[in-house]
Structures are given as C-alpha cells and as structure tokens.
Amino acid sequence: DLNPLQHIVYHVPGLQGVTTVIKNRNAHLANRLLVNGMGMTIKVTDTKMMAHIPLLLHPAPQDTLVICFGMGTTYRSAISYGGNVTVVELVKEVMDAFEFFYQDAAKVRAYPKGRMVVNDGRSFLKLTPERYDVITVDPPPPIDGAGVNHLYSKEFLELARSRLKKGGIMAHWIPYPGSLAGVDDQETFD
C-alpha cells in the first residue's frame with residue numbers, strides 16, 4: 001500500500017520471489033523492504049542492537065554470523081567491531097538492494113573480513129564447519145510464516161548452539177504476542 005508520498009525504487013524478481021524497495025519521495029534513502037509484497041523490515045534501532053548487544057556482551061568476539069540480511073543494518077553494525085563477519089541471506093536481490101538503504105553500502109561490501117553469502121540460514125549452519133563467537137538471527141515476520149518458522153524451531157536453536165564456540169552468544173529476534181510481527185497467542189509464543 002503506497003501513499004502518494006512514497007514510490008518504488010527497486011522491484012526485481014528472483015528465484016525466491018520479488019524484492020521491492022520503497023522510499024518516501026522527499027527522503028534520500030529508502031526505508032521499506034518487501035519480498036513478495038510482505039514487509040520484511042524497516043529502519044529501526046532494534047536491528048542495530050541485534051549486533052551490538054551480543055558483541056558488547058562477549059569478551060572478545062572474533063567471528064560473527066548474521067542470519068537474515070534485510071536492509072543490512074545488523075551486518076553493518078557487526079563489522080564495526082573489526083572481526084570476521086559472515087552474513088547469510090536467502091534472497092539474493094535483498095542483498096543487491098543494500099545501496100538503497102545506506103550511502104556507505106559499497107564500503108560495507110568491501111569490508112575485508114566480511115563475507116556475504118546467498119543461502120538458507122539453516123542449511124548454511126548445517127553445512128558449515130565454522131564456529132562463531134556470536135550468532136545473531138533476525139528473521140522476517142511473521143514468525144509462523146512458511147519457511148520462517150524453521151528459524152524458531154527447537155532443532156534450529158540446537159543447531160545454532162552447536163555452531164557456537166565455547167562462551168559464544170546467540171541473539172534471536174522474537175516478537176511479543178500481539179505485536180504486528182508476532183503470533184496471535186501466548187501458547188504459540190511459549
């Protein structure tokens with residue numbers, strides 16, 4: 001639903017769906033990301049905190065994994081710590097749209113200790129032999145949506161735990177019931 005003050009600046013089909021970027025007409029940068037018409041993320045402080053909180057809590061983070069790229073905010077925040085950072089995103093076109101959200105996107109892409117991988121986050125974890133000091137997961141809403149629900153399963157959490165180094169920290173976005181991105185009942189949330 002576009003209002004007259006917004007316009008589409010990127011609308012590209014890919015293997016996983018159609019990626020759309022929307023910006024306000026008077027803004028320099030975009031502020032909405034959709035895949036297949038579903039809102040994936042908006043620019044908010046929360047997505048920065050998905051990197052900052054676990055990285056600040058870990059005594060010496062060297063290797064970080066970010067699952068779900070979105071607008072790139074969590075990845076961007078993670079590389080500011082100077083360690084090795086891998087980000088995994090299922091939809092290639094989501095990563096391709098990074099420049100619409102941040103002026104420094106080219107510099108962030110060129111970060112020498114960064115790696116941007118197009119893959120399913122769960123499959124990536126199953127296949128990688130790597131271990132991480134920090135794993136942060138910020139899946140798109142709704143949490144009970146097809147495919148996304150796997151990132152909230154007990155099996156996924158156990159898999160992620162098995163890829164943490166000793167003393168590793170995992171951060172996982174979980175919307176509270178009743179929020180726009182959450183589930184509709186407390187029982188599902190529990």
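The values are calculated or read from the model by the stated rules, or taken from the named source; none is laboratory data. This one's a predicted model, so the numbers in the text were calculated from it and none came from an experiment. Virtual Cβ from ideal backbone geometry, glycine too; neighbours counted across all protein chains shown. For the accessible areas, the whole protein counts, side chains as well, though only heavy atoms, and no ligand, DNA or RNA atoms are used. Shrake-Rupley method; radii C 1.70, N 1.55, O 1.52, S 1.80 Å.
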By accessible area of protein heavy atoms, probe 1.4 Å, what ranking do H11, H150, H58 get, highest first?
H11, H150, H58
For L164, other-chain or 5+-apart residues with amide H closer than 5 Å (H placed, Pro excluded) are Y132
Roughly speaking, what is the stretch gain from I174 to K126, that is 0.36 nm per residue apart minus the C-alpha to C-alpha distance, in nm to one decimal?
15.1 nm
Projected label distance in nm at S162 and L5, using a 7 Å step from Cα toward the beta-carbon:
5.0
Calc'd 3J(HN,Hα), region 17-33, phi into Karplus 6.51 cos²θ - 1.76 cosθ + 1.60 (θ = phi - 60°), Hz, glycine/Pro = x, comes to x, 9, 9, 10, 10, 10, 9, 6, 4, 8, 8, 7, 10, 6, 9, 9, 10
Heavy atoms of the protein only, probe of 1.4 Å, neighbouring chains included. What is the accessible area of E89 in Å², nearest 10?
20
Once amide hydrogens are built 1.01 Å from N within the peptide plane, the residues lying 5 or more places from M170 or on another chain with amide H under 5 Å from its amide H are I135
In straight Cα distance, which lysines are under 24 Å from K165, not counting same-chain residues fewer than 8 positions off?
K48, K113, K126, K154
Once phi is turned into ³J(HN,Hα) by the Karplus curve 6.51 cos²θ - 1.76 cosθ + 1.60 with θ = phi - 60°, what whole-Hz value does each residue of region 106-119 show in order, with x for glycine and proline?
4, 5, 5, 4, 7, 3, x, 9, x, 9, 10, 10, 8, 5
